[in-house]
1. About its Cα centre, what dipole magnitude does the protein assembly as shown give when the only charges are +1 on Lys and Arg Cβ and -1 on Asp and Glu Cβ, stated in debye to the nearest 20?
2. Counting helices only, and only those DSSP H runs with n ≥ 4, report the 222 nm mean residue ellipticity of chain A as the sum of -39,500 (n - 2.57) divided by its residues, in deg cm²/dmol to the nearest 500.
3. To the nearest µm²/s, what D does Stokes-Einstein give for the stretch B:128-211 at 25 °C and 0.890 mPa s, using the Kirkwood radius over alpha carbon pairs as Rh?
4. So if I place +1 on the C-beta of Lys and Arg and -1 on the C-beta of Asp and Glu, and nothing else carries charge, what would the dipole magnitude of the stretch B:246-392 be about its Cα centre? I want it in debye, nearest 20.
5. Rounded to the nearest 20 debye, what is the charge dipole size of the stretch A:25-99 about its Cα centre when +1 sits on each Lys and Arg Cβ and -1 on each Asp and Glu Cβ?
6. Mind listing which trypsin sites (Lys or Arg not before Pro) in the stretch A:125-231 are in a DSSP loop and have 12 or fewer other Cβ atoms within 10 Å?
7. Under 28 Å Cα-Cα from A:LYS72, which lysines qualify once same-chain neighbours fewer than 8 residues away are excluded?
8. Over all distinct alpha-carbon pairs, what is the Kirkwood Rh of chain B in angstrom?
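Where a number appears in this text, it was derived from the coordinates with a stated rule and is not lab data. Computed from a predicted structure; not experimentally measured. Here Cβ is always computed from backbone atoms with ideal geometry, including for glycine, and neighbour counts include all displayed protein chains.
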Amino acid sequence: MGLKTVEEIKAAIEAAVPGAGVEIVPNPSVSAQHSLRLKPETAVAVATFLRGDAELAFDFLSNATGVDWLDKEVAEKVKVMRWVNREVDGVKELVEETVEETQKRIVPGYLEAVYHLFSITKGHGPVVIRMRTANRTDQMQLPSLTPVWRSAEFQEREIFDLFGIVFTGHPDLRRILMWDEFKDHPMRRDYVEPDDFEYEPTAHDEVLKRALEHAARVAAQTGAGQEGAGA
Amino acid sequence: MSISGFVQEKDKREGWNRPPVMESDGEADLLEVAMGPHHPSTHGVFRMDVALDGERVIRLKPVFGYLHRNHEKLGEGMSYLGSMPFTDRLDYMCPLTNNWAYALAVEKLTGQEVPERAEYLRVILGELTRVVNHASAIGFLIQEMGASGTPLMYAFKQREKILDLFEAITGARMMVNFMRFGGCRVDATPAWLAAVRKVLDGLPQFADEFENLLCGSEIVMARAQGVGILRPELAVNAGVTGPMLRASGVNYDIRKVDGYSIYNRFKFRVPLGDHGDVYDRFMIRLLEMRESFGIIDQALKGIPAGPIMDPKAKLRGFRPKPGEAYGRIEGPKGELGFYLISDGGPNPYRYRIRPPSLINLTVLEDMCLGSNVADVVLIFGSVDIVLGEVDR
């Protein structure tokens, strides 16, 4: 179809937007849809270039979605210098030695916004662009691409609703599927369902487990309340 | 009284792709009306908060979520195949194309091949689904103009014949759960193919009948022509796809562009509209239906013998290698896509549906501004949505 490779697109972006800092994220699956990771600071400029460039002409933003990546514990082998007791020629000595040791390190998680671009005039695509937030607790701002592609309007609202990414520059950022008073973000991997269990006549499996947990919690609360009342 | 306070707090409306700011003439107070949940000819549980200046629409905000069950979260909690029956419930008017899009995305992720016969079966069933959807959509349009019942029943008569075919091959009228990664679940018997041929032979006459309804009725023309115009630049920018995009004159049919499955073997044309109004949207659907008859005819002639499942396809212990894939098809309502991320486990790490119904609604306000309340129902109907897919 004449679509350039991600490397060529990266080069074109960097020639047009100085300091764009685009990074290629390889996709090991057979689909080979590799993606370009944009820096949030330059994302809008890069997006405008991708839409407006005569050769790339990505005029159609098809899909926008979020992904939640949790904190990951990574175990890696590290070489450490250490003093070891050792018998050398029958004499006990303290010897310095390098030992291999597995250390555990926590890689902080982040939220990711993923966009799939196609070109209607050129008929090529998809090109995947993605942006990452700094963390998943308090710095979750990303620039909105709605001013560039209107089709992101509802989809970014959905990401905000279900994942909690705050899109700066979005014209109308409100919850879309959940109600306005709702607090959490249900598509997060660590989302815990609230304990709003309702009566279920034929509870089984997970529902039964939840029903019992709910009953225990209610009993604990009302039990404490009755004691207070009795005294 | 304010329903949601949206008239007071105006969103940012600068930019060519934003809806324009409509001012009232100042003679009367604005009236806020919550259209829905329900009614707007009951495409489902949906609400439009409308601000009216007399009969004129000044602002409009769609409100979603009444049917939300977080389908994507459910999909992440179960195996890849476990989500297949759930895709039937997205756009419940056309379950087979939902199955197809999901199967296509997973096949993209794993590099799974599909045997010839299964591809032909998919095309036949997919195009029959398109006929069902478009016929019902036109029936609903005429119902929305006030002809309650009869024209819709014409469409449903044909729909019922096609649903009987679906039931004969899949065992269910609507909740079909038919496609598998690497093929289909049940093979078609010669008797079934003959039954498809019989139904197909009756369809052009039905299309003629419907075309007479659309082209011959002064009421339909007066109500639909020049109403709800969508400019092609805005349609492209707002991600509008399917018959709505083509009614605005943009030549983009994923069956032609991607040539997925075996669509590049069939001869068919892509009808395009001139005006991008409600009338064009329905004429496009009618013409597309006729092209679908041609595709089904060619597929019935060309369907080879052979297996319907790739014998190498892995069914148990299905764990795709880590990676991601976005697969899309030309669904009857627009581009239906599935985006999957695998972490090597039995469940998808991320399971995302690109719903054409929701994204086509992005421009609803733009199309409705300045028109009468009665036309809003018509314009909304011309988007052709199913709430099971909008809210997921």
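1. With only Lys, Arg, Asp and Glu charged at Cβ, the dipole is about 1760 debye.
2. That comes out to -8000 deg cm²/dmol.
3. Numbers: Rh = 13.9 Å.
Estimated diffusion coefficient is 176 µm²/s.
4. Values: 21 positive and 19 negative charges, 216 e Å.
About 1040 debye.
5. For this selection, approximately 60 debye.
6. Answer by residue number: A:LYS183.
7. A:LYS39, A:LYS104, A:LYS183, B:LYS73, B:LYS108, B:LYS321
8. 21.9 Å
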